[in-house]
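Since the structure comes first, as structure tokens, the remarks are kept for the end.
The values are calculated or read from the model by the stated rules, or taken from the named source; none is laboratory data. Keep in mind it's a predicted model, so treat the numbers as computed, not measured. With ideal geometry, Cβ positions are generated from the backbone for all residues, glycine too; neighbour counts draw on all protein chains shown. The protein model used for the area step is the full one, side chains on, heavy atoms only, and it has no ligands, DNA or RNA in it. Shrake-Rupley method; radii C 1.70, N 1.55, O 1.52, S 1.80 Å.
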Amino acid sequence: MFKTLRFRLTAVFSILIILAIVAVDTIVIKSYEDSKIEAEEVKLFTFANIVSDIYKGNIQDEINLMLQLKEYSQNLNSRILVLNEDREVFADSYNEFKGRKLDGAEVESAMNLKPLSNIYRLEGKPVLQLAIPVSENAGSEYRPIGAVLISSSLEGVYREMGSLKWTVASVSIGIIALSMVLIFFVSGTISRPIFNLTRASAKIRRGRYGEIVNIKRKDEIGRLIETFNEMSKTLYVVESNRKKFISDVSHELKTPLASIKALIESLTLYENNDVGIYRECLKDINTELDRLSNLVKSLLTTVRFGEEKIVPRKENLKDIVGEVVKLMSPYAAKNNVKLVNNTEADCMVSCDRDKIKEVLINLIDNGIKYGDDNKPSKCVEVGLDIDRKVFALNVRDNGKGMDENEIPYVFENFYRIDRARDGNIRGFGLGLSIVRYILDKHSWTISVRSQAGEGSVFSIYGTTL
Ligand code: ADP
């Protein structure tokens, strides 16, 4: 469990937050403590100065000085000592050290006209000790005539700091705990989609294409999920198409194979068949074999297109149309179809000549195949319209046409409209899918306008050079 992303994120961010809070707390507490001590120092220096003035004014009146010292001492909760120029205690608010000689860093410094303060621990208690000089003007400079020494307990300050530390610590612990809970939930919003994505990927690996992750978000993870879902749907479509293709191919193969088998069986059933019957049957078998071989050829073309690359060159579409019409004319005539070439203008395009010929052959072949025998004359006409940089190459026929609802499907693999309608027409429903594939590769498009009983127009659109 502790190896999961969620716990790792929680642990890392919690440690960072703890470190940040500890650092901030330390800085805040330390500067607060410093400011408190500084305030105490300023207060004591002020009083020391007052005492110094009093001393100077009452050097002869010791009793009055003592009275005032005691009062200040009580107010400040500190001990105040006044030293004479020989470092002897002249007055002590605690009335203990009178006449005693004192030394120490603060006294020494004060006697050198420099005020000084220090913090000591006396019997385990924090004490702020400061001394200022008492000086008189001796000509151009000052001369020390004594010092005021104040000793004040900092216990109050430290007690206050102690309770502040507790307050800060408990607030910090609260914040850390709350942040940890928040981080745990927030990291869940990162780790949960990853977990779901991993689970969905595992399902796809086991073949369950189309599996999607149902989380809607607008951030990077949301986009990752969206892309994953699209990929999964594409895989599903590809897989479904693959299955459909295999099933369609098997189905197409089944029919000629069944016919061949039936023909061979019928031959073996009758004895004394004359040569004519054999010949008839073998002719039918040959037709079925032709159909099989055509099917295999179309299948190979369809499959190969996935790998084949088109080789575009500068070509004149008018020439390509002319070539194909010439090639198809005898076949059209054999089927009583008038094939007309109406392309007049030159039209320079970038295309793979052989592939575009294949497209035209397919379209003209369909126009001939799906001609309407009930019409007095069957006709397929190829025309070219150019409008500035866009051309439209139209293959128009007056054949059987198609129902509106069938049109969207005619470009799909193996799609054939109403097999009963075209009972004796041997198509596989692959021609138009090949056409569209080739045109896609050229970034050209194709559209159909058709009406049952009226005829169809297949229009190819592309850009000229
Ligand atoms: P096929 O090899 O069966 O002709 P296609 O992919 O070329 O396959 O065409 C798909 C279907 O579209 C055909 O089965 C046919 O029903 C219909 N179709 C195609 N071209 C025409 C057309 N010019 N007139 C009427 N129907 C057409």
**Item:** Charged-residue dipole, Cβ positions (Lys, Arg, Asp, Glu), region 1-143 about Cα centre, Debye nearest 20
**Value:** 1120
**Prompt:** What length, rounded to one decimal in nm, is gained on full extension from Ile176 through to Asp61, with 0.36 nm per residue of separation minus their alpha-carbon distance?
**Reply:** 35.1 nm
**Message:** Along the charge dipole of the chain, pointing to its positive end and built from +1/-1 on Cβ of Lys, Arg, Asp and Glu, which listed residue (Ile285, Leu5, Leu430) has its Cα farthest out?
**Reply:** Ile285
**Asked** If one takes the longest principal axis of the Cα atoms in the chain, at what angle in degrees, from 0 to 90 and to the nearest 10, does the Cα axis of helix 62-76 lie?
**Response** 20
**Request:** Two decimals is fine: what is log10 I(q)/I(0) at q = 0.12 Å⁻¹ for region 1-152, from a Debye sum with one equal scatterer on every Cα and no solvent?
**Result:** -0.57
**Prompt:** How big is Rg to Rh over region 313-424, alpha-carbon atoms, Rh as the Kirkwood inverse-mean-distance radius?
**Reply:** 0.99
**Item:** Antiparallel bridges, percent of DSSP beta bridges restricted to the chain (to nearest 5)
**Value:** 90
**Request:** Could you run the Karplus curve 6.51 cos²θ - 1.76 cosθ + 1.60 with θ = phi - 60° over region 81-95 and give me ³J(HN,Hα) per residue in whole Hz, x for Gly and Pro?
**Result:** 10, 10, 10, 8, 5, 8, 6, 8, 5, 8, 8, 10, 5, 8, 6
**Prompt:** Which residues in region 190-205 place their backbone N less than 14 Å from a point set 7 Å from the Cα of Glu239 along the Cα-to-Cβ direction?
**Reply:** 200-205
**Message:** Can you compute the charge dipole magnitude of region 85-165 about its Cα centre, using +1 on each Lys and Arg Cβ and -1 on each Asp and Glu Cβ, nothing else charged? Give it in debye, rounded to the nearest 20.
**Reply:** 300
**Request:** Starting from the alpha-carbon convex hull of region 360-465, give the projected area averaged over all orientations, in nm².
**Result:** 6.8
**Cα-centred dipole magnitude for the chain, charges only on beta-carbon of K, R (+1) and D, E (-1), debye, nearest 20** = 2140
**Prompt:** How much accessible area does Lys338 have with a 1.4 Å probe, in Å² rounded to the nearest 10?
**Reply:** 130
**Request:** Could you estimate the translational diffusion coefficient of the chain from the Stokes-Einstein equation, with Rh from the Kirkwood formula over C-alpha pairs, at 25 °C and 0.890 mPa s, in whole µm²/s?
**Result:** 73
**Asked** How far, in nm, would the chain grow between Lys203 and Val42 when pulled straight, counting 0.36 nm per residue and subtracting the alpha carbon separation?
**Response** 50.4 nm
**Message:** How are the alpha carbon pair distances in region 156-247 distributed across 5 Å bins from zero to the largest one, expressed in percent?
**Reply:** 3, 12, 13, 13, 10, 8, 7, 6, 5, 5, 5, 4, 3, 3, 2, 1, 1, 0, 0
